[in-house]
1. Given the structure, is PHE213 in contact with a helix residue (DSSP H, G or I) (Cβ under 6 Å, 6 or more places away or on another chain) and part of a strand (DSSP E or B)?
2. What are the pairs, 6+ residues apart or on separate chains, where a residue within segment 105-128 that is of a type outside the set (S, T, N, Q) has its Cβ under 6 Å from a residue that is exposed (fewer than 15 other Cβ atoms within 10 Å of the Cβ) and not in a helix (DSSP H, G or I)?
3. Please go through segment 187-210 and give me each residue that is in a helix (DSSP H, G or I) and either among the hydrophobic types (A, V, I, L, M, F, W, C) or open to solvent by 10 Å² or more (accessible area, probe 1.4 Å) (or both), ordered by number.
4. Give me the residue from segment 219-247 that is among the charged types (D, E, K, R) and either modelled with pLDDT of 95 or more or open to solvent by less than 50 Å² (accessible area, probe 1.4 Å) (or both) and, out of that set, nearest to LEU176 (Cα to Cα).
5. Taking segment 185-214, which residues are within 17 Å of TYR24 (Cβ to Cβ) and under 13 Å from the mean Cα position of the chain (by Cα)?
6. Go through THR115, THR93 for me and flag whichever is among the β-branched types (Val, Ile, Thr) and in a loop (DSSP other than H, G, I, E, B).
Amino acid sequence: MSTLLVGYGEQVINPPVGTELTGYGYYPDRGAEGVLDDIKVRVLFLQEKEKSIVLISCDLLGFSVEFADTVRREISLDTKIPLENILISFIHTHTGPACQRLRGCGNINEEYLKTLPGLIKNAVRQAVDERKEAEVFYSFENLEPIGFNRRNRSFSPVDPLLKVIIFKRKDKKIYLTNYACHPVVLGRIKEISSDWPGAFIREVEKGANYGIFFQGFCGDIDPVTNLNRWGGGTKEDIDFYGELLYNRVLKCERYA
């Protein structure tokens, strides 16, 4: 049986105060006035024999395809990992800096954008350098919905599954997680935040482990806080969602 090597890396990617936030249309001059919680890029590196892949999750709304492909090419040149084995994904937070051109959704801070490829590459290097042997476990668990379908204002259809892959190393465990719901609990606040996915991963990290989150197909799925009162969610709400998801991760682990 071949050995699987798994590594993890991360970097804080907070923009400067004043950088315009993105995700809600036609709210000009929504500049960041502070940081509610750090936004990060997180990287998972997997290697088996001569094959390697890099999975990157950014606490951002997104990049243009051209910008993402440029970063992927630079990573490929640095690591010699094939371009097709490098994935860049986003948690889709609406309280992060504008990094792609979307009409009415904030102007890009070009100087900040120039810093991101270097920070992402640093996180990749960390993940490659600290790779260790790991066992793999996986599980799915139906989750009490934290989201509703905003198109018909009901709980159907939604994707109820929390998906978890656990890489168990001698030093730490790394949880790769996936769930589908827009990170829009906090509404149009003027603070940087990774919304509920960030709160979820912070719960994982309290156990001295690593976590990386990949957003599911969240198209019409908004958090229940928006069903009660749109944009009225609080830090306490995102922390509650984080705790709920982490408790279900632990249940997944018991049956993995």
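1. On the way: in contact with a helix residue (DSSP H, G or I) (Cβ under 6 Å, 6 or more places away or on another chain): yes; part of a strand (DSSP E or B): yes.
It is true that PHE213 is in contact with a helix residue (DSSP H, G or I) (Cβ under 6 Å, 6 or more places away or on another chain) and part of a strand (DSSP E or B).
2. From residues that are of a type outside the set (S, T, N, Q), the pairs are CYS105/GLY25.
3. Going residue by residue through segment 187-210, those that are in a helix (DSSP H, G or I) are 195-206.
Within segment 187-210, TRP196, ALA199, PHE200, ILE201, ARG202, GLU203, VAL204, GLU205, LYS206 qualify.
4. We begin by selecting, within segment 219-247, every residue among the charged types (D, E, K, R); these are 220, 222, 229, 235-237, 239, 243.
Going one step further and asking which of them are either modelled with pLDDT of 95 or more or open to solvent by less than 50 Å² (accessible area, probe 1.4 Å) (or both), we end up with 220, 222, 235-237, 239, 243.
On the way: ASP220: 23, ASP222: 22, LYS235: 24, GLU236: 24, ASP237: 23, ASP239: 19, GLU243: 16 Å.
Out of the qualifying residues, it is GLU243.
5. Looking only at segment 185-214, we keep the residues that are within 17 Å of TYR24 (Cβ to Cβ), and these are 185-196.
Passing the criteria: SER193, SER194, ASP195, TRP196.
6. THR93
The values are calculated or read from the model by the stated rules, or taken from the named source; none is laboratory data. Predicted model, so just to flag it, every value in this text is computed and none were measured. Positions of Cβ are generated from backbone atoms using ideal geometry, with glycine treated the same way; all protein chains shown enter the neighbour counts. Please note that ligands, DNA and RNA were not included when accessible areas were found on the heavy atoms of the full protein model with its side chains. Shrake-Rupley method; radii C 1.70, N 1.55, O 1.52, S 1.80 Å.
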